[in-house]
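The structure under discussion appears below in the form of structure tokens.
We did not get these values from a lab; they are worked out from the coordinates using the rules stated. This one's a predicted model, so the numbers in the text were calculated from it and none came from an experiment. Cβ placement follows ideal geometry from the backbone for every residue including glycine, while neighbour counts extend to all protein chains displayed.
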There are 2 protein chains.
Amino acid sequence: MDPLLTDLYQLNMVQAYLDRNMTDTAVFEFFMRKLPEGRSFYVAAGLEQALDYIETLRFPPETIDWLAGTGRFRENFLDYLKDFRFTGDVHAMPEGTIFFPNEPILRVTAPLPEGQLLETGLINFLHFQSLIASKAARMVIAARGRTLVDFGLRRAHSGEAGLLAARASYLTGFTGTATVLANKAFGIPIYGTMAHSFIEAHDDETEAFEHFAQSRPDALTLLIDTYDTEQGARKVAALADQLKTSEISVQGVRLDSGDLAALAKSVRAILNNAGHQDISIFASGGLDEYEVHRLIASGAPIDGYGVGTSLTTSSDVAAIDCAYKLQEYAGKARAKYSPGKVTLPGRKQVWRTYDESGVMTGDTLSLETDSGEGEPLVRRVMRDGRRLKPSPGLDDIRARFAHNLKSLPSRLRKLESRPRRYPVDVGDPLRDLADKTPGA
Amino acid sequence: MDPLLTDLYQLNMVQAYLDRNMTDTAVFEFFMRKLPEGRSFYVAAGLEQALDYIETLRFPPETIDWLAGTGRFRENFLDYLKDFRFTGDVHAMPEGTIFFPNEPILRVTAPLPEGQLLETGLINFLHFQSLIASKAARMVIAARGRTLVDFGLRRAHSGEAGLLAARASYLTGFTGTATVLANKAFGIPIYGTMAHSFIEAHDDETEAFEHFAQSRPDALTLLIDTYDTEQGARKVAALADQLKTSEISVQGVRLDSGDLAALAKSVRAILNNAGHQDISIFASGGLDEYEVHRLIASGAPIDGYGVGTSLTTSSDVAAIDCAYKLQEYAGKARAKYSPGKVTLPGRKQVWRTYDESGVMTGDTLSLETDSGEGEPLVRRVMRDGRRLKPSPGLDDIRARFAHNLKSLPSRLRKLESRPRRYPVDVGDPLRDLADKTPGA
């Protein structure tokens, strides 16, 4: 990420900190605030990209020259940036961890200017992927094991957003994505069929199907709703018989419009009557977790779902209220008292307890020096600016999330969960510190 | 943009097109569908980045090797990509143009595989900036000439999204942005004050203000809500007197929490009573166009607004239903008949008429060969893969949008506009063609 993808005030503050040698150790924590309506948990994601950002943030000569040319900054600041390299520690919850409001998922412990300079970039990386993973997890819950593919690159808020959304959804259990670069960059399985334009470019729908089958015989899925979905299904059934001679098998059909529940039933009947029980039905077109849930509840014989815009933009909750807050400076706890935004100071840990069958029973949020019961979720991942060990692979993160989801109390695994809050206790030492940290 | 930031099906389709030499001229158009509830117009933006994408899309050897390694593609396709360079024409509405559902804002005329390959990237660029510009325009309307600054990089869906959101909001009339790179990349004015962490890192709020004033004397704005907003205002008033001896003047205070209308009034009174009528009040903190409107309507003495998340994520409308549709291939109009998604085929133009005072009276959407009345909005911007002339600068785009907004009927300039639709007529030749373009 370009080092100038930051807010101007970060640079202003660092200039001011350097002017007074305010370079003592600062502790910043990133956390989410109140859950959006209907939501019952968050999923931590984006740590990998956040750590890459921390490790690689540099200000190359061209950037320094440009900053000097603005006339806004003095030599001490420009010299500081020339040699900038993060030297602090980072603690974090592993990606794929389910978490709750006010629980820190990342902590930076570093000289104040370093911690401050990272703010905008860290929020950007952690917020977005956690936002998408938290949305995707709901789709995974709704799909009950059926195929789920991310189709949302085109309406994601930038190409980078589309790529990172593919990653964030895959780690929650999506089957794959249509985004080709996600395969190259992250090894995520990719899926692709055909667009309506392919059908329309031919003068005849059957001809288009046949042409596509000959050119793309692997994992062959045909889009059948361009003109008339049931007619399309009949054409596919006939073509599938005909293709047997060339040893090409039709794997699936895709429906992208109309009453998907009703069409899936009639298409299933058409295919079955023609002896094609093995051709699967894939649905797409403006779907979200509620629609997937509704379709499955209706008994629609749909084997897989493509979800796009609702996933990659988290369309009902386009952003989560979150913060990267100064919790300690120069050995003193820090807090602000802006109305409605009171925060808990100090270096914190989250302990999670489980019942004997492995279901989560509650979290305790307290100072890391407290002796909490259960599993501590925040671990050191970087010391003196260097990662302690290679990051877990996406498969490991998927496994972690799957295990977290299995441990989640079933009342929190509903799509609507207003009154079903998970208990997060604030430990006494943290409460005491918050009480003792007054405003200036 | 990485050439692999695309959907797999684009590559599948191009492979199939090449296999049958389907390389005749295709016409694709990009347009938005139905307006979201409460909205009355769209703003075209992102053309500059879209044209850059079209002009520079290449598949370097490393990409070809990777594609070959997937085993999915044949030599004819890989050879095609090796030499890929867009050779077609592009017509578009200039950025900053107000437009309505079904009106094409971009048309690509090119050999079918070329037009198809561009789909995902073009939608991504045009959708996102048009989304943000359409949201930002509402904030500009609400702010009635007051200062408006984009604070939303941190919660934008990626750094690229934040940067492009700064551009899209600036072209609608925003005063500037906090995103530093937007100044370097696009010349957009940047603004920055201080965060709460700066205050909290000091043991005393006044000391923090004074320190910041000494280090950052230009455009000095102090954040006064960390502990107690009215106390903060009194401290600033006293400090402003004291700073006069060092010829530093406090330009403004920022409120970021609490009842902004009430606090702005009491802060204004405190500052005025101390003789500091010249210190302006800037407000931020979870604002959107409705809140800005409400604050201004309440008479709150706020001189400028910082808006963040609601702007850069277009939080109430995180995506707009839009499409890049094949409208013609090999000289024949094309359309699909998927339920609820019927499109208008052919190469289209939009003509706009105005009354004698320059107010828009209606648009006509018809075939470009039709003889429409009024101003044609879709112009040729690229011929044979090359731009016809340098793109307009951001100041020109701002001027165009400002003029468009002035021409917009006042009933459409309300924040809520359900029943106030702008008339877009479909011309007879287009209607006839749509009737005559049957499904296969």
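Here the Debye sum runs over all C-alpha atoms of chain B as equal scatterers in vacuum, and log10 of I(q)/I(0) at q = 0.06, 0.09, 0.10, 0.13 Å⁻¹ comes out as -0.33, -0.67, -0.78, -1.11. For the pair B:GLU375 and B:ARG421, a Förster radius of 30 Å applied to the C-beta separation gives a FRET efficiency near 0.90, rounded to the nearest 0.05.
Summing Cβ point charges (Lys, Arg +1; Asp, Glu -1) relative to the Cα centre of chain A gives a dipole of roughly 1260 debye. Summarising the label geometry, the points placed 7 Å from Cα in the beta-carbon direction at A:ARG144 and B:ASP259 lie 5.0 nm from one another. Once the Cβ-Cβ distance of A:ASP432 and B:ALA185 is raised to the sixth power relative to R0 = 35 Å, the FRET efficiency obtained is 0.15. The mean number of Cβ atoms from other chains found within 10 Å of a Cβ in peptide A:210-219 is 4, as a whole number. Using a 10 angstrom cutoff on alpha carbons, build the Gaussian network for chain A and name the most mobile of A:ILE270, A:ILE302, A:ILE98. Maximum among the listed residues: A:ILE270. Residue pairs exceeding 21 angstrom between C-alpha atoms, taken from A:LYS34/A:LYS414; A:LYS336/A:LYS436; B:LYS34/B:LYS135; A:LYS135/B:LYS325; A:LYS82/A:LYS325; A:LYS244/B:LYS325: A:LYS135/B:LYS325; A:LYS82/A:LYS325; A:LYS244/B:LYS325. Paramagnetic label reach from A:SER249 (point 7 Å along Cα→Cβ; backbone nitrogen cut-off under 16 Å): within segment A:193-230, residues A:217-222. Given R0 = 30 Å, the distance between the Cβ atoms of B:TYR354 and B:LYS332 translates into a calculated FRET efficiency of 0.25.
DSSP beta bridges confined to the protein assembly as shown are antiparallel in about 65 percent of cases. Antiparallel beta bridges, as assigned by DSSP with both residues in segment A:142-312, represent about 0 percent of the total such bridges.
Here the relative contact order of segment B:143-312, from alpha carbon pairs under 8 Å that lie six or more residues apart, stands at 27 percent. In the assembly of identical copies, A:ALA262 has its label point, taken 7 Å from Cα in the direction of the beta carbon, separated from the corresponding points by 5.4 nm (ascending, one decimal). Projecting the Cα positions of B:THR172, B:THR229, B:ILE302 onto the charge dipole of segment B:143-312 (unit charges on Cβ atoms of Lys, Arg, Asp and Glu, taken about the Cα centre) puts B:THR172 furthest along the positive direction. Shielding by partners for peptide B:11-20, expressed as the average number of C-beta atoms from other protein chains within 10 Å of each residue's C-beta, is 6. For the options B:GLY187, B:GLY121, B:GLY96, a Gaussian network treatment of chain B with springs between C-alpha atoms closer than 10 Å singles out B:GLY187 as fluctuating the most. Compare the Cα positions of B:GLY96, B:LEU126, B:ALA137 along the charge dipole of segment B:95-152 (+1 at Cβ of Lys, Arg; -1 at Cβ of Asp, Glu; about the Cα centre) and return the one farthest towards the positive end. Final value for the positive-end residue is B:ALA137. Close amide H pairs (under 5 Å, H built 1.01 Å from N) link A:SER366 with A:GLN349, A:TRP351, A:GLY427, residues at least 5 positions away or on another chain. Partner shielding of B:179-187 amounts to 5, given as the average count of beta-carbon atoms from other chains within 10 Å of each residue beta-carbon. Just need the relative contact order of chain B here, percent rounded to a whole number, with Cα pairs under 8 Å and 6+ apart. Value for chain B: 22 percent. When only the Cβ of Lys, Arg, Asp and Glu is charged (+1, +1, -1, -1), the dipole of the protein assembly as shown relative to its Cα centre reaches about 1080 debye. Normalising by residue count, segment B:143-312 has a Cα convex hull of 113 Å³ per residue. Remark: segment B:143-312 carries a charge dipole of roughly 620 debye about the Cα centre, counting +1 on each Lys and Arg Cβ and -1 on each Asp and Glu Cβ.
Neighbours of B:ARG58 by Cβ distance under 13 Å: Lys/Arg scored +1, Asp/Glu scored -1, total -4. For the options B:THR56, B:THR70, B:THR109, a Gaussian network treatment of chain B with springs between C-alpha atoms closer than 10 Å singles out B:THR70 as fluctuating the most.
For A:LYS265, the lysines whose Cα comes closer than 20 Å to its Cα, not counting residues fewer than 8 places off in the same chain, are A:LYS235. Considering only beta bridges that DSSP places wholly inside segment A:37-181, some 75 percent are antiparallel. Taking Cβ atoms as reference points and 11 Å as the exclusive limit, the residues near B:ALA156 contribute a net charge of -1, counting Lys and Arg as +1 and Asp and Glu as -1. Note on the protein assembly as shown: Cα Rg divided by 2.2 N^0.38 Å, N the number of residues, gives 0.97. Long hydrophobic helices in chain B, taken as whole DSSP H segments with a C-alpha length of 30 Å or more on their own axis and mean Kyte-Doolittle hydropathy at least -1.0: B:119-143.
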